[in-house]
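Data block below; observations after.
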Amino acid sequence: MSAHLYPKSYDVIVVGAGHAGAEAALAASRLGCETLLLTQNLDTIAQMSCNPSIGGIAKGQMVRELDALGGEMAKNTDATGLHFKTLNTGKGAAVRSPRAQCDKKAYQFRMKEVVESQERLDVKQDEAARAWTSGSRVRGIETKRGVRYEARAVVLTTGTFLKGMAHVGLHSYSGGRASDPAAELLSDDLRALGFSVDRMKTGTPMRVNARSVDFSACEPQPGDDPPVPFSHFSERIETTQLLCWLTHTNDLTHRIIQDNLDRSPLYSGKIKSIGPRYCPSIEDKVVKFPHHRRHLLFLEPEGWRTREIYVNGLFTSLPEDVQLTLVRSIRGLEKAELMRPGYAIEYDFCPPTQLKPTLETKAVEHLYFAGQLNGTTGYEEAAVQGFVAGANAALKLQGREPLVFGRDEAYIGVLIDDLVTKGVDEPYRMFTARAEHRLLLRSDNADLRLLERGAALGLVPLEMRDRFRRYRALVEAKLAGGGADEDEDALRPWTLAKAEAQAEIQSYYAQYIVRERRMVERLRRLDQVAIPESYPYAETLGLLNEAKQKLDRVRPRTLGQAARVPGVTPADIQVLMIQLEKRRRSRRLESAPACAPLVP
Amino acid sequence: MPNADVIVAVSTPPGESALGVVRLSGSGCLGAASRFIRFKREPAPRSAEFCEILSRGETLDRALVTFFPGPNSYTGEDMLEVSAHGSPFILSEIMREAAAAGARPAEPGEFTERAFLNGRIDLAQAEAVCALIRSRTRAAHRVAMAQLDGKLSERIRALRDAVLGLLAALEAQLDHPDEEIPVLSREDMGGRLASLRADIDALLSTYPAGRVALEGARVAILGRPNVGKSSLLNALLGRDRAIVAETPGTTRDTLEEQADLAGLKAVLIDTAGLREDSGDSIERAGMERSRAALKACDVALVVLDRSRALGPDDARLLEEVAAAGALEGRPILCALNKSDLPAAAAPDALGRPWPAVEVSATRGDGLDALARAVAEAAGGAATEEGAVIATARHARALESARAALAEAAGVAEPELAAVHLREALLAVGSIAGEAASDDVLRSIFSKFCIGK
């Protein structure tokens, strides 16, 4: 197949138009880069392949962070949400998280419209087959149809599509999603470029028809009234709100699963990849927690104009006939009609320790990875990575400061630091427990933490920033005991009530926030000691071999990051600290022989 | 380093001396110092200026002040060095003024830590530091290994697992509200926290004995005036360290010296003689210190003059020592001094079950026996069965873990209790060296640079 070179040369190409790809393409083009978004299928942009839901514990905080930085996910959710609920309302503000069920098609269509309307962004349908590189630098993408697109930077967001393999019972077939073809070529090319590639697994439950569900036997789960918007920039939710429903598995359900484990690809040994511990299949739940007599199931409508119901909690890859029997053993679902079976999917991912904190690959300059390709699970985890990768691709081309967040600044920072420092041994999902500074990283202060950075990037309009600054000043005044009330119109979409509530939350946590800040300052000191990219760990005296190997693989950028690499001990860090200082010192002596006198 | 606050410390050893040096470091140090130092002009870099030092608006001292602008200073930050007269009062007043001007007392080793973080420690120093750290680590390592082979590691691991279990239960509630996770009741949580604290208390109770084994025993030499305490100190040291005179009450202040007592590392503390009827206020102050030394020692060595019959004063002294000893559970023994003179008091006249050794500080008789007795008394306390806490770092870690657990018991909100449990986990984990390395580094910096 002879490749032809596309006449237009791009700054950034984003491969894949899922939740990561859409944010990456929007960030890059909004930062001024000529951008190409390449997708296998223009009709599945921002597809909700699994749960029709955005947010949840810790994930909701990330969506709010992304919003404060100028990302699209929160706005898209507000425009298409049909059920909004704040989780953990019984607990403190620090652990409250917004979550919304969306109309899955409306969500897609709105995002499709946003990306297709975006200036400087071309959206095209084709499959990336090869990364076009010269030396250790990326030059573009070659597609399956034989087109070469030239670009100065490339962001890969391939989701579950690389050599995707779907399993329903013992029947398996190639596919990136239930009925979409897998991308068979790209991961071999990544291997050829020297990347290590591994396998992971995830799954999705069945969908049933609402007409066949007896909702009177289920417990209604109303959303918040009024629904609270995700985005800082939305004033209210104007969409029609729908109910979700609660039911349970029972002894009979569990018996059906036990009796059919030999036909489960998970338990027959057919699937060997590691699945998420935190989003386990119902088979796993029944086998690993036999003392649980029942498990909660949430029935979630997938849209206003579809009768499909997502059976949240029944992640399974059992054969279709077993899925039907087990669904029908559940109260309210006795006559349920399956519309699509649940299935498991295996796919290729690249262990993320091959990345820098900007999500640029260490091996190929200007090549970035984001989303499930990095071993994460979840739309939110994908979206924030897409944003960071797309923004950094653009910023590097423009010679601007990279976008990297501290673990104390954002869940986004926790996520990426965990990925590039610790790597993943199962699909990575965010939890508040992963953050050392949970009380600082709240949903309610995402704007206070990050909006200025979004504005500095140019992704939050200055007019909005000014309104935000008035809000921030008001919160500070209220905390100081004053706070002459502002004109509410000058604050919108922020409000007086919000400022009042924010001041209350801050004073509630004041003592603890001081403590956490103190801890942050202490931890930061190690993060200020930089390690050169080419540091020769192998030759460092005093380091244990295990530490040498691990540090060499991760190549941390700071002493703080090195300390977080699993298997590296405090003693290794002390050695490293002294050796670094010696190196630095001897280098300076070379360049400046006249050394300033030391004061004892 | 950006945002480093101004730190201040007295850099010379405590006590009176000709000069006393106070150092400040941090980007605002000159501004802070201007609040209590009267500069005649803008201070020139690295050049000593004779300045007036003010305290509460009045002249406190006239001193040499040198300004070292960053980055070419010891710490790499702006620094100021004040060489004042070495009166503890003047130095403490300067410290107070500096604190009022916004400076924070430096933590041990913090100047050196900053020097390192700012890249100011040179090659030779770094190598010296490296060697020092290694030797420290090897010694510490030996102790740690000995403990890890025994029961301490087991106890610490069990403690850590229990805290982790509790934390995990809380975290699960916070992160999985949609799952049917059994809620940990406050009573249940309170009970588990209380039993954890009891475990920590039990471990901490082994610290005094453990510390003696590692760091040496503090031996307070106590007694009535003129029984020969200072003579005994000199005799045990083998040199004339303390002034000895016929006049009762010659020793006014406590005096500490390290000695090797039959292989046991000991710190001998000579004290002012205790009597009821001193009208001298200085002598009374000295006696207060003697009593403080009694409270803070590992072994109380009571010196009696066996050439004189024991009187009611001796009885009172023995009673006081016995009471303090019983309170802290510390060993007590007696030196029956002046064995070169005719005896007027027999050992059994004490009426106490303490070991008693007859010595003559002037002739040197019985000193070896006394040294062995002291070593045995101190060492006997250290050979306890089971896990022993031997280092101050471990004891501090356990103390902060205990405090964090107490705080966790005091809050109802799970996200706040989690903060305290994380602190406790960090503290317990730091014993095995698995927690934030920053703490470990800090403790190292505070060790290798004594005197800031």
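For region B:1-118, report the % of Cα-Cα distances exceeding 22 Å.
25
Got a sec? Which residues of region B:65-94 lose 10 Å² or more of accessible surface with every protein chain in place, vs. that chain alone, 1.4 Å probe?
Listed by number, the residues meeting the 10 Å² cut-off are B:F68, B:N72, B:Y74, B:E81.
What is the magnitude of the charge dipole of region A:400-444 about its Cα centre, with +1 placed on the Cβ of each Lys and Arg, -1 on the Cβ of each Asp and Glu, and no other charges, expressed in debye to the nearest 20?
80
With charges set only on the Cβ (+1 for Lys and Arg, -1 for Asp and Glu), what does the dipole of the protein assembly as shown come to about its Cα centre, in debye to the nearest 20?
Computed about the Cα centre, the dipole is about 1800 debye.
Can you give me the distance in nm between label points at A:E365 and A:E504, each placed 7 Å from the Cα along the Cα-to-Cβ direction?
About 5.5 nm separates the two model spin labels.
What fraction of the Cα pairs in region A:154-267, stated in percent, has a spacing above 18 angstrom?
Summing the P(r) tail past 18 Å for region A:154-267 gives 72 percent.
Could you work out the Rg to Rh ratio of region A:140-197, with Rh taken as the Kirkwood radius (inverse of the mean 1/r over all Cα pairs)?
Rg divided by Rh gives 1.05.
Mind putting together the pair-distance distribution for chain A? All Cα pairs, 10 Å bins, whole percent per bin, short to long.
So the P(r) values, bin by bin, are 3, 16, 25, 26, 19, 9, 2, 1, 0.
Leaving out ligands, DNA and RNA, calculate the buried accessible area for the pair B and A with a 1.4 Å probe, summed over both sides, in Å² to the nearest 100.
Chains B and A together bury roughly 4600 Å² of accessible area.
State the Kirkwood hydrodynamic radius of region B:217-301 in Å, one decimal place, computed from all pairs of distinct Cα atoms.
For region B:217-301, inverting the mean 1/r across all distinct Cα pairs yields 12.7 Å.
Test of understanding: what is the full-extension gain from A:R255 to A:L193, defined as 0.36 nm times their sequence separation minus their Cα-Cα distance?
Length gained, A:R255 through A:L193: 17.5 nm.
Could you give the C-alpha radius of gyration of region A:224-295 expressed as a fraction of 2.2 N^0.38 Å, taking N as the number of residues it contains?
1.70
At a probe size of 1.4 Å, how large is the accessible area of A:D43, to the nearest 10 Å²?
Rounded to the nearest 10, the figure is 100 Å².
Please work out the Kirkwood hydrodynamic radius for the protein assembly as shown, using every pair of different C-alpha atoms, and report it in angstroms with one decimal place.
One decimal place: 33.7 Å for the Kirkwood radius.
Using a 1.4 angstrom probe on heavy atoms only, work out the carbon and sulfur share of the accessible area of region B:215-382 in %.
For region B:215-382, the apolar C and S fraction of the accessible surface comes to 49 percent.
Treat each spin label as a single point 7 Å out from the Cα along the C-beta direction, and report the A:R211 to A:R517 distance in nm.
Taking the two extended label points, one gets 6.0 nm.
Work out the FRET efficiency for B:S185 and B:A326 from their Cβ-Cβ distance, taking R0 = 56 Å, and round it to the nearest 0.05.
0.85
Compute the separation of the alpha-carbon centres of region A:140-197 and region A:35-107 and state it in Å as a whole number.
25
How many angstrom separate the Cα center of region A:237-270 from the Cα center of region B:62-76?
Here the answer is 70 Å between Cα centres.
Among the residues of region B:163-179, which ones have their accessible area go down by 40 Å² or more when all the protein chains sit together, as opposed to their chain alone (1.4 Å probe)?
Residues meeting the cut-off: B:L174, B:D175, B:H176, B:P177, B:D178.
May I ask what percent, to the nearest 5, of DSSP beta bridges between residues of the protein assembly as shown are antiparallel?
Antiparallel bridges: around 65 percent, rounded to the nearest 5.
How much of the DSSP bridge set in chain A is antiparallel, in percent, rounded to the nearest 5?
70
With an 8 Å Cα cut-off and a minimum separation of 6 or more residues, compute the relative contact order for chain A in percent.
18
Compute the FRET efficiency between A:S136 and B:E276 as 1/(1 + (r/R0)^6), taking r as their Cβ-Cβ distance and R0 = 56 Å, and round to the nearest 0.05.
The value I calculate is 0.05.
Where the centre of each part is set by its Cα atoms, how far does region A:282-311 sit from region B:11-37, in angstrom?
For region A:282-311 versus region B:11-37, the Cα centre distance is 68 Å.
If we sort A:4-11, A:496-503 on the protection proxy, mean other Cβ atoms within 10 Å, highest first, what's the order?
The peptides rank, most packed first, as A:496-503, A:4-11.
With point charges of +1 on the Cβ of Lys and Arg and -1 on the Cβ of Asp and Glu, referenced to the Cα centre of region A:461-525, which listed residue (A:A473, A:Q502, A:Y512) lies farthest in the positive direction of the dipole?
A:Y512
Just to confirm, what accessible area per residue do you get for the protein assembly as shown at 1.4 Å probe, in whole Å²?
With all protein chains present, the protein assembly as shown gives 42 Å² per residue.
Contact order normalised by length for region B:215-382, with contacts defined as Cα pairs under 8 Å and 6 or more residues apart; what percent is it?
After rounding, I find 25 percent.
Can you pull the one-decimal nm distance between simple spin-label points at B:K40 and B:F89, each 7 Å off the Cα toward Cβ?
So the label points at B:K40 and B:F89 sit 2.7 nm apart.
When you look at the Cβ of every residue in B:415-422, what mean number of other chain Cβ atoms sits within 10 Å?
For this peptide, the per-residue mean of nearby foreign Cβ atoms is 5.
Name the helices (complete DSSP H segments) of chain A with a Cα length along the long axis of 18 Å or more and a Kyte-Doolittle mean of at least -0.5, or state none.
In chain A, the long hydrophobic H runs are A:379-397.
Using a 1.4 Å probe, how large is the accessible area of A:D466, given in Å² and rounded to the nearest 10?
Approximately 60 Å² of A:D466 is accessible to the 1.4 Å probe.
In nm, what is the difference between 0.36 nm times the number of residues separating A:E150 and A:S179 and their Cα-Cα distance?
7.4 nm
In whole percent, how big is the carbon plus sulfur part of the accessible area of region A:461-525, probe 1.4 Å, protein atoms only?
51
Top to bottom by accessible area (1.4 Å), largest first, where do A:E539, A:E34, A:E283 land?
Largest accessible area first, the residues go A:E539, A:E34, A:E283.
Got a sec? What order do B:F68, A:F230, A:F109, A:F289 fall in by accessible area at 1.4 Å, biggest, i.e. largest, first?
In descending accessible area the options line up as A:F109, A:F289, B:F68, A:F230.
Just to be sure I understand the curve: with the Debye formula and one point per C-alpha of region A:461-525, what is log10 I(q)/I(0) at q = 0.18, 0.25, 0.29 Å⁻¹?
With no solvent term, the Cα-only Debye profile gives -0.71, -0.96, -1.12.
May I ask which residue of A:Q125, A:A455, A:L82 lies farthest towards the positive end of the charge dipole of chain A, with charges of +1 (Lys, Arg) and -1 (Asp, Glu) on Cβ and the Cα centre as origin?
A:A455
Contour minus end-to-end for A:L296 and A:Q241, with contour as 0.36 nm per residue of separation and end-to-end as the Cα-Cα distance?
Working it through step by step, the gained length comes to 17.6 nm.
The values are calculated or read from the model by the stated rules, or taken from the named source; none is laboratory data. Model, not experiment: these values are computed from the prediction. Note: ideal-geometry Cβ built from the backbone for every residue, glycine included; neighbour counts use all protein chains shown. Note: accessible area is taken over every heavy atom of the protein model, side chains too, but ligands, DNA and RNA are not part of it. Shrake-Rupley method; radii C 1.70, N 1.55, O 1.52, S 1.80 Å.
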